[in-house]
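Take a look at the structure below.
We did not get these values from a lab; they are worked out from the coordinates using the rules stated. Since the model is a prediction, treat every value here as computed from it, not as a measurement. No Cβ is skipped: glycine too gets one built from the backbone with ideal geometry, and neighbour counts run over all protein chains shown.
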Ligand SMILES: Nc1nc2c(c(=O)[nH]1)N[C@H]1C(S)=C(S)[C@@H](COP(=O)(O)OP(=O)(O)OC[C@H]3O[C@@H](n4cnc5c(=O)[nH]c(N)nc54)[C@H](O)[C@@H]3O)O[C@H]1N2
Ligand SMILES: Nc1nc2c(c(=O)[nH]1)N[C@H]1C(S)=C(S)[C@@H](COP(=O)(O)OP(=O)(O)OC[C@H]3O[C@@H](n4cnc5c(=O)[nH]c(N)nc54)[C@H](O)[C@@H]3O)O[C@H]1N2
Ligand code: SF4
Ligand SMILES: [Mo]
């Protein structure tokens, strides 16, 4: 019999590419890109191609396990659920509900059943402490745009004439978007490309490359604003009609003339003038910002604000090819909102809420303090659902120390990760190919909103369960059955789809490839800020004691802010540039991917390496004030001299032995992962 083709999407990373899954005799035999998918249009990356090896990996967790005297013992689901319910009840009685933290990893962003049920459980249990990767990824940008516009405008780069790719190597991290942009460059519809990156990434070959010092993006943007306003290139009509605080901005950016910005950023003043003029005069223009590369700085929030200001001042808001607003589709909401304050709410109140909009999250960077110092109160138990924070949070030593101190820890995962190793109970979750669900994309990463029926392709491996079912069964054991009435995946899907007006049948029959559901609203924006205008100058920030206009702040360790330290640690370290074969800590055990990227590799300019007697292929140590790792060297003239770039997610050369949980961005609580100081030595 010919294999059956099932149309669904891949969620091995945020891009959610459409895939055709070939199934024969109940087995997945092949995966290819789905040409009709509204976003990916057939694009797929090496990870998507390796999905067969991923789901059938011999390393998959196949049954629940408990740790007995340091060893793992197989147990039944019944026993696992009983232990968990009993322990969680005890924790709540002894310390109160907030002593439990629930952690969602990056997989929670595109897996709404996982995220929704985790939120439901913690709400019913009564803990405010849901922590997640949004404590260092994406939310900074969401907050910055919401605070400026009252809502989140998305980019639509394929409709732009002028594009700035600001700190993002899409060829590795955003494959479907890269394909769309290359197409637009080939056709000439994007006529001017500017790439702002310390590395000459492949896309930089197609336009103007601005080789910036890591961590100085805010200064560059302020310098561009200085030129645009001084030369009268701003969009006066748009500013007059829709914005508040332009005069203050005009005054403020006088402090950032290109010559001064050149000293800060390493970008020649003439180049700053050139790109400012291009960006302000070719319309429509759009900045497409990287995520971590912009967020994970001491002033990452202001980086996100200042990029929004460049869009505003040039009038590139709410026009095709600018940043545009789209209406949300509403999906069923599983949240049960708690009232008490999570960790980090005191230190970073706006991360918790502004204008009555409450975020579901506590700040994960304060998790270790809560466990180890009981600050502001003790956290005693942790449930990790689809994350590997022992490797992905900064300062792995302290994070692991905190995990070891917990009274009780549960991990739900497909694999025995570094985090799972530290748990008391490990529960086998099934992969997205083994369950049905709603593929829902708002558009923050895809720039195109749509919904898709994510179909079950194969039966769950071993005794693994879907995350929603794991949460449901734990809930029922705890006596919360009335909050967890769903019996089947179809019921769960129907619950999520109900408020949207879309139905399972519709998505299945009419749009198996995914339905584009929202009309974009050009020039119709209502800005839902307190003033009803776009807030260039933010009273909300001012009232909370933050800079109402973006001010450039040096990285906390840099040749400028800590010159003495820079004598000992003379190189700039950036971590976590994405690798095509892996998502964070995942997929190292898939042979075809491992063969293509067998080991962790640091990049460095050959001249810089040469100064330390280091050549291509050597091993070196990379050391920061925090710690040291050993890693292989790849010398490349593409990276600006004086910089070391290392990947994250490798247990054997863990970048987060070099990073710290402090200092934090005052607004969001994000930490610095992209502009640190380091020294290197040949081994
Ligand atoms: N130094 C440094 N550190 C970084 C970064 C950096 O740039 N530099 N980047 C940061 C960023 S932006 C992010 S988003 C984080 C990511 O941090 P994490 O989300 O903690 O990292 P992952 O390795 O993706 O962990 C996801 C886990 O979920 C499991 N999983 C996959 N699918 C499912 C499922 O359906 N159910 C369940 N239960 N589990 C599943 C995977 O096996 C894996 O173990 O890393 C951060 N850490
Ligand atoms: N293959 C793969 N794709 C992924 C992921 C993955 O793990 N693997 N993770 C997904 C997730 S959760 C996220 S958050 C995104 C992350 O996506 P991004 O944050 O956009 O990361 P990259 O695309 O790797 O781009 C990083 C680029 O920024 C440059 N850079 C470093 N520091 C600075 C700086 O200070 N300023 C500027 N201007 N540039 C800088 C680096 O040289 C590099 O070229 O990727 C997503 N896509
Ligand atoms: S980029 Fe690769 S891993 Fe990410 S969703 Fe697409 S195919 Fe899957
Ligand atoms: Mo991320």
**Request:** Once you have the Cα-Cα distance between residue 240 and residue 208, take 0.36 nm times their residue separation minus that, and quote the gain in nm to one decimal.
**Result:** 8.4 nm
**Asked** How far apart, in nm, are the 7 Å Cα→Cβ label points at residue 183 and residue 72?
**Response** 4.2 nm
**Prompt:** Which whole-percent values make up P(r) of region 63-105 when all C-alpha to C-alpha distances are grouped in 10 Å steps starting at zero?
**Reply:** 25, 39, 36, 0
**Prompt:** In whole Å, what three semi-axes, largest first, describe the equivalent ellipsoid of region 106-164 built from its Cα gyration tensor (square root of 5 times each eigenvalue)?
**Reply:** 30, 14, 10
**Prompt:** At q = 0.09, 0.19, 0.21, 0.23 Å⁻¹, what log₁₀ I(q)/I(0) does a Debye calculation on the Cα points of region 467-573 give, no solvent, two decimals?
**Reply:** -0.71, -0.98, -1.11, -1.22
**Item:** With Cα atoms, 0 to 90° folded angle of helix 300-313 axis to the chain main axis
**Value:** 50 degrees
**Item:** Peptides 581-587, 483-489 ordered by average Cβ neighbours within 10 Å, highest first
**Value:** 581-587, 483-489
**Item:** Whole-number D in µm² s⁻¹ for region 563-682, Kirkwood Cα-pair radius fed into Stokes-Einstein, 25 °C, 0.890 mPa s
**Value:** 165 µm²/s
**Prompt:** Could you give the length gained on full extension between residue 82 and residue 277, defined as 0.36 nm per residue of separation minus the Cα-Cα distance, in nm?
**Reply:** 63.7 nm
**Prompt:** To the nearest 0.05, what FRET efficiency results for residue 30 and residue 505 with a Förster distance of 35 Å applied to their C-beta separation?
**Reply:** 0.80
**Prompt:** Which distance in nm do the two modelled labels at residue 374 and residue 543 give, with both placed 7 Å along the Cα-to-Cβ direction?
**Reply:** 3.7 nm
**Prompt:** Using Cα atoms only, what is the angle between the long axis of helix 217-230 and the major principal axis of the chain, expressed in degrees (0 to 90) to the nearest 10?
**Reply:** 40 degrees
**Asked** Please state the Cα pair-distance histogram of the chain with 10 angstrom bins from zero: what percent is in each bin?
**Response** 3, 15, 26, 28, 20, 7, 1, 0
**Asked** Between residue 551 and residue 191, 0.36 nm times their residue separation minus their Cα-Cα distance comes to what?
**Response** 126.4 nm
**Request:** Could you please tell me the mean projected area of the C-alpha convex hull for region 327-377, averaged over all directions and given in square nanometres to one decimal?
**Result:** 4.8 nm²
**Item:** Global form of region 4-55, assessed from the alpha-carbon gyration tensor, a/c cut-off 1.5
**Value:** oblate
**Message:** Sorting check: for 120-126, 189-195, which peptide has the highest mean count of neighbouring beta carbons within 10 Å, and how do the rest follow?
**Reply:** 120-126, 189-195
**Asked** So, in nm, how far is label residue 357 from label residue 247 when the simple model puts each one 7 Å beyond its Cα toward the Cβ?
**Response** 2.8 nm
**Message:** How large is the Kirkwood hydrodynamic radius of region 378-535, counting all unique pairs of alpha carbons, in Å?
**Reply:** 18.9 Å
**Asked** Does anyone have the angle between helix 77-95 and the longest principal axis of the chain? Alpha-carbon axes, 0 to 90°, nearest 10?
**Response** 60 degrees
